[in-house]
Amino acid sequence: MSNRFTTAIAAATCLTAPAALAQQDAWQPDRPINIIVPWAAGGSTDQVTRVVAPILEDALGTEVVVVNQPGASGSTGTAAALDAPRDGYTWTANAIANNATYAVTGLVPDTSIDDYRVYLHVANVPLVSVNANSEYQDFPALLDAMENGSVTVGTAGINSSGGMALAALREGTESDLAGARMITYDGGNPAVIAAASGEVVATTQLAVEQTEMVRAGRLRALTVLSDEPLEVEGIDPVPPITEFLPNFHVAADYFGVFIPTGAPQEVYDTVDRVWEENVMNSEELKQYANDRGAVFAPSYGEDAMERAMPVVTAEACSRVTRGEAVIDPAEIGIDCPED
């Protein structure tokens with residue numbers, strides 16, 4: 001994907017200073033590490049985690065197992081990772097905005113993004129697509145049906161990237177989109193398959209989950225929630241949402257793996273080094289991003305937190321606006337701008 005969004009993230013990536021870490025790691029894992037993906041297999045989180053896991057495995061010298069544990073918009077697996085022993089052997093993976101806002105919606109109480117050491121790898125953009133046999137040939141036609149007709153939209157739930165994208169469309173159009181009825185699935189991949197098969201009319205899941213179906217002619221991509229076109233090999237450029245809604249707010253949706261706090265410090269020091277030396281230079285991860293329409297944007301620690309806060313703040317405060325919040329984001333350190 002070539003756009004200002006990509007350029008800005010790439011520039012920020014180059015600013016990450018090398019960490020002054022010891023060459024000899026204090027932590028030598030002696031058993032497999034589990035990364036809990038709180039969504040079904042095949043979705044965006046699962047895809048990229050399975051690209052990153054072998055990189056970590058080679059560098060750490062131990063097996064890294066990806067465990068799918070879907071349920072309750074990703075909160076079931078997230079809670080399981082937080083409840084596991086804090087010994088460095090159980091991690092989780094997700095969009096960072098999810099982990100940072102589960103407490104706001106009450107899905108995982110008494111948690112915040114400060115409960116993790118953060119390791120980001122790619123940024124993703126949602127794609128609005130319809131079944132290839134759908135009557136809707138462009139986004140304005142679909143939007144009209146969402147406002148005045150009846151459209152089923154497949155997502156992985158309200159807390160998924162697809163669910164949040166649909167909510168963002170409601171906010172961006174200043175309409176309740178009364179004709180858009182969300183149908184939820186256990187992950188992004190089942191939601192995309194539902195749209196491709198005609199079980200639902202549309203999906204708002206991430207581009208990385210949809211590009212293969214678009215290439216295969218089973219989905220018709222109508223717009224991307226970005227300020228520039230989505231350009232991926234084998235697919236016609238997809239127009240940006242700002243072409244239709246010029247004032248639509250776009251925030252980078254960062255994904256990563258997260259190690260719960262409380263483990264020995266040498267765990268984080270070791271993974272910091274591995275992330276910088278292996279993940280941030282990974283050709284495999286770069287190729288995945290290029291092929292699927294994601295942005296290669298690895299970072300970790302404070303740098304990662306700084307990059308992620310715009311989308312974290314946007315999602316947490318949107319929960320308040322939409323009436324989905326059960327606690328004030330300020331209680332977990334997220335300050336919403338005043339109206």
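The table for this structure:
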item	result
Carbon + sulfur, % of accessible area of the chain - ligands and nucleic acids excluded, 1.4 Å	47
Rounded accessible area per residue of region 84-200, 1.4 Å, Å²	33
Using alpha-carbon coordinates, inclination of helix 96-105 to the longest axis of the chain, degrees	70
Charge tally in the Cβ shell below 9 Å around R170, where Lys, Arg are +1 and Asp, Glu are -1, R170 excluded	-2
Label-point gap, in nm, between R86 and A132 - each point 7 angstrom along Cα→Cβ	5.1
Integer Hz, Karplus 6.51/-1.76/1.60 couplings in order for region 44-51, x for Gly and Pro	4, 5, 5, 3, 6, 5, 6, 7
Distance in nm between pseudo-label sites at S197 and I327 (7 Å out along the Cβ direction from Cα)	3.8
Amide H contacts under 5 Å for T152, placed H, 5+ residues apart	R181, V201, A202
Gaussian network model of the chain, springs between alpha carbon atoms under 10 Å - residue of Q210, Q69, Q265 with greatest fluctuation	Q265
Listed peptides 41-54, 237-250, 269-282 by packing density, highest first (mean Cβ within 10 Å)	41-54, 269-282, 237-250
Length-normalised contact order for the chain - Cα pairs under 8 Å, 6+ apart - percent	26
For peptides 322-330, 200-208, sequence by mean Cβ density within 10 Å, most packed first	200-208, 322-330
Theoretical gain in end-to-end length, N247 to D110 [0.36 nm per residue, Cα-Cα removed]	45.9 nm
Backbone HN-Hα couplings from phi across region 266-271 [Karplus 6.51/-1.76/1.60, Hz, Gly and Pro as x]	5, 4, 5, 4, 5, 5
The chain, helix-only ellipticity at 222 nm - DSSP H runs n ≥ 4, -39,500 (n - 2.57), divided by all residues, nearest 500	-12000 deg cm²/dmol
Cα centre as origin, Lys/Arg/Asp/Glu Cβ charges: the chain dipole, Debye	660
For Y116, distant residues with modelled amide H under 5 Å away	T261
Nearest-20 debye value, region 188-339 charge dipole, Cβ charges on Lys, Arg, Asp, Glu	700
Label assignment, Rg and Dmax of the Cα atoms in Å derived from the structure, set [x] 19.2, 63; [y] 21.1, 63; [z] 21.1, 86	[x]
Local electrostatic count at L82 - Lys and Arg +1, Asp and Glu -1, tallied over other residues with Cβ under 10 Å	-2
Simple spin-label estimate for R181 and E283 in nanometres, 7 Å along Cα-Cβ	5.1
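The values are calculated or read from the model by the stated rules, or taken from the named source; none is laboratory data. Here the structure is a predicted model, which is why all the values come from computation and not from measurement. Please note: Cβ atoms are built from the backbone with ideal geometry, for glycine as well, and neighbour counts cover all protein chains shown. With ligands, DNA and RNA removed, areas are computed over all heavy atoms of the protein, side chains included. Shrake-Rupley method; radii C 1.70, N 1.55, O 1.52, S 1.80 Å.
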